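Quick notes on the structure that follows.
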Amino acid sequence: DNPRFAWRGLMLDSSRHFQTIPEVKRFIDRMAAHKFNVFHWHLTDSHGWRIEIKKYPKLTEVGAWRNQPDYPKKGDKGRYGGFYTQEEIKDVIAYAKARHITIVPEVDMPGHSFAAVASYPRLGGLDKPQHVDYFFTYPANRQAFPSRHGFTDVLCVARPETVQFCKDVLDEVMALFPSEYIHIGGDEVEKHVWKQSKETQEFIKKNNLKNEDGLQSWFIQQIDNYLTSKGRKLLGWDEILQGGLAKNATVMSWQGEKGGIRAAKMGHDVVMSPQTYIYLDHGQSHSPLEPPHWPGHKPLNRVYNYEPIPPQLNAEEAKYILGVQANVWTAFIHKEWKLDLSTWPRATALAEVAWSPKEARDYNKFYTFMKQKHFKRLDYMEINYWRENTIDVGNWSPKDLKQNNEVVTMTFDLTGKVDKQKSEKLDLAFTYTSGAHALRIKEVSLLSGNKTVSVDQHDGHTGSSSKNNIYSVDLSKVQAGEKLTISVKAYGDGGNSSNGKVTLDTILTKRVN
Ligand code: ACM
(Lines give C-alpha, C1' and ligand atoms only; values in the text may rest on other atoms or scores of the structure.)
Protein backbone atom coordinates (compact mmCIF):
# COMPACT_ATOMS: atom_id res chain seq x y z
CA ASP A 1 0.00 0.00 0.00
CA ASN A 2 1.83 3.06 -1.28
CA PRO A 3 0.67 6.59 -1.89
CA ARG A 4 0.24 7.60 -5.53
CA PHE A 5 1.18 11.22 -4.84
CA ALA A 6 3.78 12.78 -2.55
CA TRP A 7 1.57 15.86 -1.98
CA ARG A 8 -1.78 15.01 -0.41
CA GLY A 9 -3.08 18.28 0.88
CA LEU A 10 -5.90 20.23 2.39
CA MET A 11 -5.89 24.00 2.78
CA LEU A 12 -7.64 25.76 5.65
CA ASP A 13 -8.45 29.48 5.42
CA SER A 14 -8.03 30.94 8.91
CA SER A 15 -8.43 34.53 7.71
CA ARG A 16 -12.07 34.84 6.58
CA HIS A 17 -12.95 33.03 9.77
CA PHE A 18 -10.66 32.26 12.65
CA GLN A 19 -10.42 28.74 14.07
CA THR A 20 -9.23 28.15 17.63
CA ILE A 21 -6.11 26.03 18.23
CA PRO A 22 -8.19 22.98 19.32
CA GLU A 23 -10.25 23.35 16.12
CA VAL A 24 -7.09 23.49 13.99
CA LYS A 25 -5.74 20.41 15.77
CA ARG A 26 -8.97 18.51 15.16
CA PHE A 27 -8.74 19.42 11.47
CA ILE A 28 -5.19 17.98 11.49
CA ASP A 29 -6.30 14.81 13.33
CA ARG A 30 -8.90 14.12 10.69
CA MET A 31 -6.41 14.76 7.91
CA ALA A 32 -4.00 12.28 9.50
CA ALA A 33 -6.74 9.65 9.75
CA HIS A 34 -7.12 9.97 5.96
CA LYS A 35 -3.37 9.91 5.23
CA PHE A 36 -3.14 13.49 4.09
CA ASN A 37 0.39 14.79 4.60
CA VAL A 38 0.30 18.51 3.76
CA PHE A 39 -1.68 21.07 5.75
CA HIS A 40 -1.63 24.34 3.80
CA TRP A 41 -2.43 27.04 6.34
CA HIS A 42 -3.83 30.24 4.79
CA LEU A 43 -2.77 32.66 7.51
CA THR A 44 -3.22 36.10 5.99
CA ASP A 45 -5.82 37.70 3.78
CA SER A 46 -7.91 40.84 3.50
CA HIS A 47 -10.31 39.74 6.23
CA GLY A 48 -7.68 39.24 8.92
CA TRP A 49 -3.97 38.74 9.62
CA ARG A 50 -3.62 35.66 11.83
CA ILE A 51 0.09 35.11 12.55
CA GLU A 52 2.05 37.05 15.16
CA ILE A 53 5.02 38.85 13.57
CA LYS A 54 7.25 40.33 16.26
CA LYS A 55 8.83 42.98 14.05
CA TYR A 56 5.41 44.31 12.97
CA PRO A 57 3.10 44.10 16.02
CA LYS A 58 0.29 46.10 14.38
CA LEU A 59 -0.34 43.22 11.97
CA THR A 60 -2.10 41.47 14.83
CA GLU A 61 -3.00 44.50 17.00
CA VAL A 62 -4.88 46.06 14.06
CA GLY A 63 -4.90 43.59 11.18
CA ALA A 64 -6.31 40.63 13.10
CA TRP A 65 -9.60 42.44 13.84
CA ARG A 66 -12.42 43.65 11.67
CA ASN A 67 -15.53 45.65 12.37
CA GLN A 68 -18.15 43.11 11.46
CA PRO A 69 -21.81 44.14 11.07
CA ASP A 70 -24.24 41.64 12.60
CA TYR A 71 -21.52 40.15 14.82
CA PRO A 72 -21.93 38.56 17.30
CA LYS A 73 -25.65 38.84 16.58
CA LYS A 74 -27.87 40.62 14.09
CA GLY A 75 -27.81 44.39 14.52
CA ASP A 76 -24.55 44.38 16.54
CA LYS A 77 -21.36 46.01 15.35
CA GLY A 78 -18.79 43.83 17.06
CA ARG A 79 -15.09 43.34 16.46
CA TYR A 80 -14.39 39.93 14.93
CA GLY A 81 -10.98 38.35 14.87
CA GLY A 82 -8.12 36.56 16.53
CA PHE A 83 -4.58 35.46 15.81
CA TYR A 84 -2.07 32.75 16.64
CA THR A 85 0.98 33.59 18.73
CA GLN A 86 4.33 32.20 17.58
CA GLU A 87 4.30 29.86 20.60
CA GLU A 88 0.89 28.51 19.61
CA ILE A 89 2.07 28.03 16.04
CA LYS A 90 5.14 26.06 17.19
CA ASP A 91 2.84 23.81 19.19
CA VAL A 92 0.60 23.18 16.14
CA ILE A 93 3.63 22.47 13.92
CA ALA A 94 4.88 19.84 16.41
CA TYR A 95 1.37 18.40 16.71
CA ALA A 96 1.13 18.02 12.94
CA LYS A 97 4.65 16.60 12.66
CA ALA A 98 3.82 13.87 15.18
CA ARG A 99 1.01 12.93 12.76
CA HIS A 100 3.29 12.94 9.68
CA ILE A 101 1.85 16.18 8.37
CA THR A 102 3.92 19.10 7.13
CA ILE A 103 2.41 22.54 7.54
CA VAL A 104 2.95 24.79 4.53
CA PRO A 105 2.29 28.37 5.65
CA GLU A 106 0.80 30.92 3.27
CA VAL A 107 1.33 34.64 3.55
CA ASP A 108 -0.62 36.06 0.63
CA MET A 109 1.15 38.87 -1.27
CA PRO A 110 0.98 41.28 -3.03
CA GLY A 111 -2.85 41.10 -3.26
CA HIS A 112 -5.42 40.03 -0.64
CA SER A 113 -3.67 42.45 1.70
CA PHE A 114 -6.30 44.74 3.26
CA ALA A 115 -5.33 43.52 6.73
CA ALA A 116 -1.64 44.34 6.19
CA VAL A 117 -2.43 47.73 4.64
CA ALA A 118 -4.88 48.57 7.45
CA SER A 119 -2.04 47.89 9.91
CA TYR A 120 0.63 49.83 8.00
CA PRO A 121 -0.97 52.16 5.41
CA ARG A 122 2.40 52.93 3.76
CA LEU A 123 2.43 49.35 2.46
CA GLY A 124 -0.56 50.14 0.27
CA GLY A 125 0.63 53.20 -1.56
CA LEU A 126 -2.46 55.34 -0.90
CA ASP A 127 -1.03 56.75 2.35
CA LYS A 128 -4.37 56.96 4.09
CA PRO A 129 -6.02 54.90 6.80
CA GLN A 130 -7.75 51.78 5.58
CA HIS A 131 -9.84 49.09 7.17
CA VAL A 132 -9.67 45.33 7.40
CA ASP A 133 -12.21 43.84 5.01
CA TYR A 134 -15.54 42.50 6.35
CA PHE A 135 -18.74 40.85 5.17
CA PHE A 136 -22.01 42.69 4.64
CA THR A 137 -23.82 40.19 6.81
CA TYR A 138 -22.73 37.80 9.53
CA PRO A 139 -22.72 34.94 8.95
CA ALA A 140 -22.15 35.55 5.26
CA ASN A 141 -25.19 34.50 3.27
CA ARG A 142 -24.32 35.83 -0.15
CA GLN A 143 -21.20 36.41 -2.17
CA ALA A 144 -20.75 40.10 -1.45
CA PHE A 145 -17.85 41.94 0.10
CA PRO A 146 -18.00 45.61 1.06
CA SER A 147 -17.16 48.25 -1.51
CA ARG A 148 -13.45 48.78 -1.79
CA HIS A 149 -13.73 51.98 -3.78
CA GLY A 150 -10.92 54.35 -2.93
CA PHE A 151 -8.97 51.75 -0.98
CA THR A 152 -6.43 49.11 -1.91
CA ASP A 153 -5.74 45.52 -0.93
CA VAL A 154 -2.57 45.46 -3.05
CA LEU A 155 0.88 46.15 -1.66
CA CYS A 156 2.87 48.96 -3.27
CA VAL A 157 5.80 46.79 -4.32
CA ALA A 158 7.54 49.70 -6.10
CA ARG A 159 8.72 50.84 -2.64
CA PRO A 160 11.88 49.10 -1.41
CA GLU A 161 10.53 49.21 2.16
CA THR A 162 7.47 47.16 1.09
CA VAL A 163 9.65 44.44 -0.42
CA GLN A 164 11.74 44.56 2.76
CA PHE A 165 8.56 44.16 4.84
CA CYS A 166 7.72 41.00 2.88
CA LYS A 167 11.19 39.58 3.45
CA ASP A 168 11.08 40.44 7.18
CA VAL A 169 7.74 38.68 7.55
CA LEU A 170 9.05 35.67 5.64
CA ASP A 171 12.12 35.57 7.94
CA GLU A 172 9.86 35.04 10.95
CA VAL A 173 7.69 32.58 9.01
CA MET A 174 10.76 30.54 8.01
CA ALA A 175 12.09 30.60 11.58
CA LEU A 176 8.82 28.99 12.69
CA PHE A 177 7.94 26.61 9.87
CA PRO A 178 10.49 23.95 8.82
CA SER A 179 8.52 23.35 5.58
CA GLU A 180 10.63 23.39 2.44
CA TYR A 181 7.75 25.09 0.61
CA ILE A 182 6.63 28.57 1.57
CA HIS A 183 3.38 29.72 -0.08
CA ILE A 184 3.34 33.40 -0.99
CA GLY A 185 -0.14 33.56 -2.53
CA GLY A 186 0.12 35.80 -5.60
CA ASP A 187 -3.54 35.36 -6.59
CA GLU A 188 -6.11 37.91 -7.75
CA VAL A 189 -3.91 41.00 -7.54
CA GLU A 190 -6.02 44.11 -8.16
CA LYS A 191 -3.56 45.79 -10.45
CA HIS A 192 -5.69 48.85 -11.28
CA VAL A 193 -4.18 50.55 -8.20
CA TRP A 194 -0.71 50.05 -9.68
CA LYS A 195 -2.00 51.34 -13.01
CA GLN A 196 -3.22 54.57 -11.43
CA SER A 197 -0.15 55.17 -9.26
CA LYS A 198 2.45 57.60 -10.64
CA GLU A 199 5.09 56.18 -8.33
CA THR A 200 4.43 52.63 -9.52
CA GLN A 201 4.33 53.60 -13.20
CA GLU A 202 7.70 55.37 -12.88
CA PHE A 203 9.13 52.25 -11.23
CA ILE A 204 7.84 50.07 -14.08
CA LYS A 205 9.49 52.38 -16.64
CA LYS A 206 12.77 52.72 -14.76
CA ASN A 207 13.15 48.95 -14.44
CA ASN A 208 12.16 48.24 -18.07
CA LEU A 209 9.15 46.18 -17.00
CA LYS A 210 6.46 45.69 -19.61
CA ASN A 211 3.39 46.53 -17.52
CA GLU A 212 1.66 45.65 -14.22
CA ASP A 213 1.97 41.91 -14.98
CA GLY A 214 5.69 42.53 -15.47
CA LEU A 215 5.79 44.24 -12.08
CA GLN A 216 4.07 41.34 -10.37
CA SER A 217 6.49 38.93 -12.02
CA TRP A 218 9.45 41.11 -10.95
CA PHE A 219 8.17 41.16 -7.37
CA ILE A 220 7.61 37.38 -7.20
CA GLN A 221 11.12 36.89 -8.64
CA GLN A 222 12.56 39.02 -5.79
CA ILE A 223 10.77 36.83 -3.26
CA ASP A 224 11.78 33.66 -5.13
CA ASN A 225 15.44 34.73 -5.00
CA TYR A 226 15.11 35.46 -1.30
CA LEU A 227 13.47 32.16 -0.38
CA THR A 228 15.90 30.23 -2.59
CA SER A 229 18.86 31.94 -0.85
CA LYS A 230 17.47 30.60 2.43
CA GLY A 231 17.17 27.05 1.08
CA ARG A 232 13.36 27.18 0.68
CA LYS A 233 11.03 26.84 -2.29
CA LEU A 234 8.48 29.40 -3.41
CA LEU A 235 4.96 28.15 -4.01
CA GLY A 236 2.26 30.39 -5.45
CA TRP A 237 -1.22 30.36 -7.00
CA ASP A 238 -1.26 30.09 -10.80
CA GLU A 239 -1.48 33.87 -11.35
CA ILE A 240 2.29 33.91 -10.74
CA LEU A 241 2.55 32.72 -14.35
CA GLN A 242 1.36 36.15 -15.51
CA GLY A 243 4.21 38.26 -16.84
CA GLY A 244 6.64 35.34 -16.61
CA LEU A 245 7.10 32.61 -14.00
CA ALA A 246 9.87 33.02 -11.41
CA LYS A 247 12.84 30.69 -11.93
CA ASN A 248 12.38 28.27 -9.05
CA ALA A 249 8.65 28.62 -8.47
CA THR A 250 6.19 25.79 -7.88
CA VAL A 251 2.65 26.48 -9.09
CA MET A 252 -0.60 25.67 -7.34
CA SER A 253 -3.22 25.42 -10.09
CA TRP A 254 -6.58 26.70 -8.81
CA GLN A 255 -8.23 28.44 -11.79
CA GLY A 256 -8.93 25.10 -13.38
CA GLU A 257 -6.10 22.95 -14.69
CA LYS A 258 -4.57 25.14 -17.39
CA GLY A 259 -2.06 26.93 -15.13
CA GLY A 260 -0.79 23.60 -13.88
CA ILE A 261 -0.53 22.21 -17.40
CA ARG A 262 1.41 25.26 -18.58
CA ALA A 263 3.81 25.17 -15.63
CA ALA A 264 4.47 21.42 -15.97
CA LYS A 265 5.20 21.85 -19.68
CA MET A 266 7.74 24.55 -18.67
CA GLY A 267 9.40 22.08 -16.30
CA HIS A 268 8.05 23.53 -13.04
CA ASP A 269 6.60 21.51 -10.20
CA VAL A 270 2.84 21.73 -9.76
CA VAL A 271 0.18 20.98 -7.15
CA MET A 272 -3.26 20.52 -8.70
CA SER A 273 -6.01 22.26 -6.78
CA PRO A 274 -8.61 23.22 -9.40
CA GLN A 275 -11.72 25.03 -8.22
CA THR A 276 -13.55 23.36 -11.09
CA TYR A 277 -13.42 20.01 -9.26
CA ILE A 278 -12.23 20.12 -5.69
CA TYR A 279 -12.99 23.46 -3.99
CA LEU A 280 -14.70 22.36 -0.81
CA ASP A 281 -16.30 25.75 -0.10
CA HIS A 282 -18.60 25.14 -3.10
CA GLY A 283 -21.97 23.42 -2.65
CA GLN A 284 -22.27 19.65 -2.64
CA SER A 285 -25.99 18.99 -3.05
CA HIS A 286 -29.15 20.32 -4.64
CA SER A 287 -30.88 20.20 -1.30
CA PRO A 288 -32.58 23.44 -0.27
CA LEU A 289 -31.42 22.55 3.24
CA GLU A 290 -27.74 22.96 2.47
CA PRO A 291 -26.46 26.08 4.27
CA PRO A 292 -25.15 29.07 2.27
CA HIS A 293 -21.90 28.37 0.44
CA TRP A 294 -19.70 29.87 -2.27
CA PRO A 295 -21.45 29.50 -5.66
CA GLY A 296 -20.58 26.28 -7.43
CA HIS A 297 -21.62 22.63 -7.27
CA LYS A 298 -18.94 20.07 -6.41
CA PRO A 299 -20.70 16.93 -5.18
CA LEU A 300 -18.90 13.92 -3.74
CA ASN A 301 -18.69 12.04 -7.04
CA ARG A 302 -17.14 15.02 -8.83
CA VAL A 303 -14.37 15.21 -6.23
CA TYR A 304 -13.90 11.43 -6.32
CA ASN A 305 -13.67 11.32 -10.11
CA TYR A 306 -11.11 14.11 -10.37
CA GLU A 307 -7.94 12.93 -12.10
CA PRO A 308 -4.88 15.02 -11.10
CA ILE A 309 -2.73 14.09 -14.12
CA PRO A 310 -4.25 15.99 -17.05
CA PRO A 311 -4.31 14.05 -20.35
CA GLN A 312 -2.52 16.99 -22.02
CA LEU A 313 0.73 15.99 -20.27
CA ASN A 314 3.04 13.28 -21.55
CA ALA A 315 4.71 10.86 -19.14
CA GLU A 316 7.77 13.09 -18.72
CA GLU A 317 5.71 16.22 -18.02
CA ALA A 318 3.39 14.31 -15.68
CA LYS A 319 6.32 13.83 -13.29
CA TYR A 320 6.06 17.52 -12.39
CA ILE A 321 2.64 16.97 -10.80
CA LEU A 322 3.59 16.62 -7.15
CA GLY A 323 0.07 15.89 -6.11
CA VAL A 324 -3.34 17.20 -5.27
CA GLN A 325 -4.95 19.47 -2.72
CA ALA A 326 -8.47 20.63 -1.85
CA ASN A 327 -9.04 24.07 -0.38
CA VAL A 328 -11.50 25.06 2.31
CA TRP A 329 -12.11 28.81 2.02
CA THR A 330 -14.09 30.03 4.96
CA ALA A 331 -16.06 33.09 3.81
CA PHE A 332 -19.24 31.10 4.50
CA ILE A 333 -17.77 28.90 7.23
CA HIS A 334 -18.10 30.74 10.55
CA LYS A 335 -18.31 27.77 12.92
CA GLU A 336 -16.65 24.37 13.26
CA TRP A 337 -19.85 22.43 12.52
CA LYS A 338 -19.95 24.12 9.13
CA LEU A 339 -16.25 23.51 8.55
CA ASP A 340 -16.93 19.82 9.14
CA LEU A 341 -19.91 19.90 6.83
CA SER A 342 -18.00 21.52 3.96
CA THR A 343 -14.91 19.38 4.33
CA TRP A 344 -16.39 15.93 4.93
CA PRO A 345 -17.06 13.52 3.38
CA ARG A 346 -15.63 15.17 0.23
CA ALA A 347 -12.12 15.16 1.71
CA THR A 348 -12.49 11.39 2.12
CA ALA A 349 -13.03 11.17 -1.63
CA LEU A 350 -9.97 13.35 -2.23
CA ALA A 351 -7.89 11.19 0.12
CA GLU A 352 -8.51 8.28 -2.24
CA VAL A 353 -7.66 10.39 -5.29
CA ALA A 354 -4.38 11.33 -3.62
CA TRP A 355 -3.48 7.85 -2.38
CA SER A 356 -4.93 5.15 -4.63
CA PRO A 357 -3.74 4.11 -8.07
CA LYS A 358 -5.95 5.50 -10.82
CA GLU A 359 -7.05 2.00 -11.90
CA ALA A 360 -8.23 1.14 -8.39
CA ARG A 361 -10.73 3.96 -8.21
CA ASP A 362 -14.42 3.12 -8.70
CA TYR A 363 -17.07 5.49 -7.38
CA ASN A 364 -19.75 2.85 -6.81
CA LYS A 365 -17.33 0.74 -4.82
CA PHE A 366 -16.24 3.81 -2.87
CA TYR A 367 -19.81 4.84 -2.06
CA THR A 368 -20.71 1.33 -0.92
CA PHE A 369 -17.68 1.43 1.37
CA MET A 370 -18.81 4.82 2.69
CA LYS A 371 -22.28 3.48 3.49
CA GLN A 372 -21.10 0.21 4.99
CA LYS A 373 -18.12 1.42 6.95
CA HIS A 374 -16.78 4.89 6.67
CA PHE A 375 -19.80 7.05 7.56
CA LYS A 376 -19.78 5.16 10.89
CA ARG A 377 -16.12 6.00 11.39
CA LEU A 378 -16.85 9.66 10.70
CA ASP A 379 -19.62 9.38 13.32
CA TYR A 380 -17.17 7.95 15.86
CA MET A 381 -14.82 10.84 15.09
CA GLU A 382 -17.77 13.16 15.84
CA ILE A 383 -17.51 14.86 12.46
CA ASN A 384 -20.60 16.78 11.39
CA TYR A 385 -20.25 15.59 7.80
CA TRP A 386 -22.77 16.20 5.04
CA ARG A 387 -25.00 13.30 4.31
CA GLU A 388 -28.33 13.55 2.63
CA ASN A 389 -31.05 11.06 2.02
CA THR A 390 -33.44 12.26 -0.62
CA ILE A 391 -36.65 10.36 -1.21
CA ASP A 392 -38.33 10.90 -4.58
CA VAL A 393 -41.98 11.70 -4.03
CA GLY A 394 -42.96 12.53 -7.61
CA ASN A 395 -42.90 15.05 -10.43
CA TRP A 396 -45.16 17.67 -11.91
CA SER A 397 -45.48 18.51 -15.59
CA PRO A 398 -47.77 20.69 -17.78
CA LYS A 399 -50.55 18.06 -17.80
CA ASP A 400 -50.96 18.48 -14.02
CA LEU A 401 -51.44 22.25 -14.26
CA LYS A 402 -53.95 24.69 -15.78
CA GLN A 403 -53.80 28.03 -17.58
CA ASN A 404 -54.87 31.34 -16.01
CA ASN A 405 -53.24 30.77 -12.63
CA GLU A 406 -56.01 28.35 -11.64
CA VAL A 407 -55.11 26.48 -8.46
CA VAL A 408 -55.04 22.67 -8.86
CA THR A 409 -54.69 19.86 -6.35
CA MET A 410 -51.92 17.35 -7.04
CA THR A 411 -51.56 14.19 -5.00
CA PHE A 412 -48.53 11.96 -4.41
CA ASP A 413 -48.50 8.53 -2.79
CA LEU A 414 -46.14 8.36 0.15
CA THR A 415 -47.09 4.93 1.45
CA GLY A 416 -44.03 2.87 2.39
CA LYS A 417 -41.63 5.68 1.62
CA VAL A 418 -41.19 7.10 5.10
CA ASP A 419 -40.50 5.67 8.52
CA LYS A 420 -42.09 7.48 11.43
CA GLN A 421 -39.66 5.83 13.85
CA LYS A 422 -36.70 7.49 12.20
CA SER A 423 -38.03 10.97 11.78
CA GLU A 424 -41.26 12.65 12.78
CA LYS A 425 -40.79 15.83 10.81
CA LEU A 426 -39.68 15.86 7.20
CA ASP A 427 -39.09 18.61 4.69
CA LEU A 428 -40.89 18.38 1.38
CA ALA A 429 -39.04 20.34 -1.29
CA PHE A 430 -40.38 21.52 -4.66
CA THR A 431 -37.64 21.94 -7.22
CA TYR A 432 -38.37 23.39 -10.69
CA THR A 433 -36.39 21.72 -13.48
CA SER A 434 -37.63 23.24 -16.78
CA GLY A 435 -40.36 25.20 -18.57
CA ALA A 436 -41.46 28.81 -19.02
CA HIS A 437 -43.46 29.07 -15.80
CA ALA A 438 -42.66 28.83 -12.13
CA LEU A 439 -44.77 26.74 -9.77
CA ARG A 440 -46.52 28.68 -7.01
CA ILE A 441 -47.44 26.57 -4.01
CA LYS A 442 -50.17 27.50 -1.53
CA GLU A 443 -50.54 24.52 0.78
CA VAL A 444 -49.20 21.03 1.47
CA SER A 445 -51.17 18.46 3.50
CA LEU A 446 -50.51 14.93 4.63
CA LEU A 447 -53.39 12.43 4.69
CA SER A 448 -53.34 9.24 6.71
CA GLY A 449 -56.12 7.19 5.13
CA ASN A 450 -58.79 9.84 4.46
CA LYS A 451 -57.85 12.03 7.39
CA THR A 452 -55.69 15.14 7.12
CA VAL A 453 -53.03 14.85 9.83
CA SER A 454 -50.65 17.71 8.96
CA VAL A 455 -50.97 20.98 7.01
CA ASP A 456 -48.36 23.55 6.08
CA GLN A 457 -50.04 26.59 4.53
CA HIS A 458 -47.72 29.26 3.17
CA ASP A 459 -46.86 30.82 -0.18
CA GLY A 460 -43.77 29.45 -1.84
CA HIS A 461 -42.44 29.27 -5.36
CA THR A 462 -39.84 27.52 -7.44
CA GLY A 463 -38.68 28.63 -10.88
CA SER A 464 -35.54 30.33 -12.10
CA SER A 465 -35.33 31.34 -8.46
CA SER A 466 -36.96 29.65 -5.49
CA LYS A 467 -38.29 30.97 -2.21
CA ASN A 468 -40.07 29.36 0.75
CA ASN A 469 -40.34 26.19 -1.36
CA ILE A 470 -39.93 23.80 1.54
CA TYR A 471 -42.98 22.47 3.39
CA SER A 472 -42.98 20.71 6.69
CA VAL A 473 -44.62 17.27 6.85
CA ASP A 474 -45.43 16.02 10.34
CA LEU A 475 -45.67 12.24 10.65
CA SER A 476 -46.50 12.14 14.37
CA LYS A 477 -50.25 11.49 13.87
CA VAL A 478 -49.86 8.95 11.08
CA GLN A 479 -51.62 5.60 11.80
CA ALA A 480 -49.63 2.44 11.13
CA GLY A 481 -50.77 0.54 8.06
CA GLU A 482 -52.76 3.41 6.54
CA LYS A 483 -52.27 4.79 3.06
CA LEU A 484 -50.27 8.02 3.12
CA THR A 485 -50.95 10.78 0.61
CA ILE A 486 -49.36 14.18 0.05
CA SER A 487 -51.87 16.71 -1.27
CA VAL A 488 -50.57 19.93 -2.83
CA LYS A 489 -52.48 23.10 -3.80
CA ALA A 490 -50.48 24.96 -6.41
CA TYR A 491 -50.59 26.71 -9.80
CA GLY A 492 -48.35 27.43 -12.75
CA ASP A 493 -47.42 31.12 -12.64
CA GLY A 494 -48.72 32.58 -15.92
CA GLY A 495 -49.30 29.20 -17.60
CA ASN A 496 -48.80 25.47 -17.30
CA SER A 497 -45.34 25.17 -18.88
CA SER A 498 -43.61 23.98 -15.74
CA ASN A 499 -41.76 20.81 -14.80
CA GLY A 500 -40.18 19.84 -11.57
CA LYS A 501 -39.69 17.28 -8.86
CA VAL A 502 -40.96 16.79 -5.35
CA THR A 503 -38.56 15.27 -2.83
CA LEU A 504 -38.44 14.56 0.85
CA ASP A 505 -35.10 15.61 2.17
CA THR A 506 -33.77 14.14 5.33
CA ILE A 507 -30.36 15.46 6.08
CA LEU A 508 -28.56 13.02 8.29
CA THR A 509 -26.08 15.70 9.30
CA LYS A 510 -26.36 16.55 12.97
CA ARG A 511 -26.50 20.29 12.38
CA VAL A 512 -27.51 22.18 9.27
CA ASN A 513 -28.11 25.70 10.55
C1 ACM B 1 -7.91 31.39 -4.79
O2 ACM B 1 -8.89 30.65 -4.70
N3 ACM B 1 -8.08 32.72 -4.90
C4 ACM B 1 -6.57 30.89 -4.79
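Figures for the structure shown
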| item | result |
| --- | --- |
| Segment 261-313 - charge dipole about Cα centre, Lys and Arg +1 at Cβ, Asp and Glu -1, debye rounded to 20 | 180 debye |
| Net dipole in debye of segment 69-189 [+1 Lys, Arg Cβ; -1 Asp, Glu Cβ; about Cα centre; nearest 20] | 460 debye |
| Fraction of beta bridges assigned by DSSP in the chain that are antiparallel (%, nearest 5) | 60 percent |
| Shape category assigned to segment 461-513 from the gyration tensor of Cα positions, a/c cut at 1.5 | oblate |
| Rounded accessible area per residue of segment 369-513, 1.4 Å, Å² | 54 Å² |
| Where segment 124-224 is the region considered: accessible area per residue in Å², 1.4 Å probe | 45 Å² |
| Rounded if a/c under 1.5, otherwise prolate or oblate - segment 18-174, Cα gyration tensor axes | oblate |
| Cα-based Lys proximity count in segment 1-123, under 23 Å, for pairs eight or more positions apart or on separate chains | 9 |
| Charge dipole magnitude, Cβ of K and R +1, D and E -1 - the chain, Cα centre, debye nearest 20 | 380 debye |
| Shape category assigned to segment 1-72 from the gyration tensor of Cα positions, a/c cut at 1.5 | prolate |
| Whole-percent carbon and sulfur share, accessible surface of the chain, 1.4 Å | 49 percent |
| Segment 82-197 - percent relative contact order, Cα under 8 Å, separation 6 or more | 37 percent |
| Karplus-derived HN-Hα couplings along segment 426-433 (A = 6.51, B = -1.76, C = 1.60, θ = phi - 60°), whole Hz, x at Gly and Pro | 10, 10, 9, 10, 9, 10, 5, 10 |
| Solvent-accessible heavy-atom area per residue, rounded to whole Å², over segment 1-63 at 1.4 Å | 31 Å² |
| Normalised contact order of segment 173-261, rounded percent, pairs of Cα under 8 Å and 6 or more residues apart | 30 percent |
| Rounded Å value of the spacing that divides the Cα centres of segment 356-408 and segment 232-258 | 37 Å |
| 15 Å Cα-Cα reach of Lys205 towards aspartates and glutamates, excluding residues that sit fewer than 8 places from it in its own chain | Asp213 |
| Estimated vicinal HN-Hα couplings, Hz - segment 225-239 in sequence order (Karplus 6.51, -1.76, 1.60; Gly, Pro = x) | 4, 5, 5, 4, 5, 9, x, 10, 10, 7, 10, x, 5, 5, 4 |
| Ile220 - accessible surface, heavy atoms, 1.4 Å probe, Å² rounded to 10 | 0 Å² |
| In order through segment 200-208: 3J(HN,Hα) via Karplus (6.51 cos²θ - 1.76 cosθ + 1.60), integer Hz, x for Gly, Pro | 5, 4, 5, 5, 4, 5, 4, 9, 6 |
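The values are calculated or read from the model by the stated rules, or taken from the named source; none is laboratory data. What you see is a predicted model, and the numbers here were worked out from it, not measured in a lab. Glycine also receives a Cβ, built like all others from the backbone with ideal geometry; neighbour counts cover every protein chain displayed. Protein only, heavy atoms only, side chains kept; ligands, DNA and RNA dropped before computing areas. Shrake-Rupley method; radii C 1.70, N 1.55, O 1.52, S 1.80 Å.
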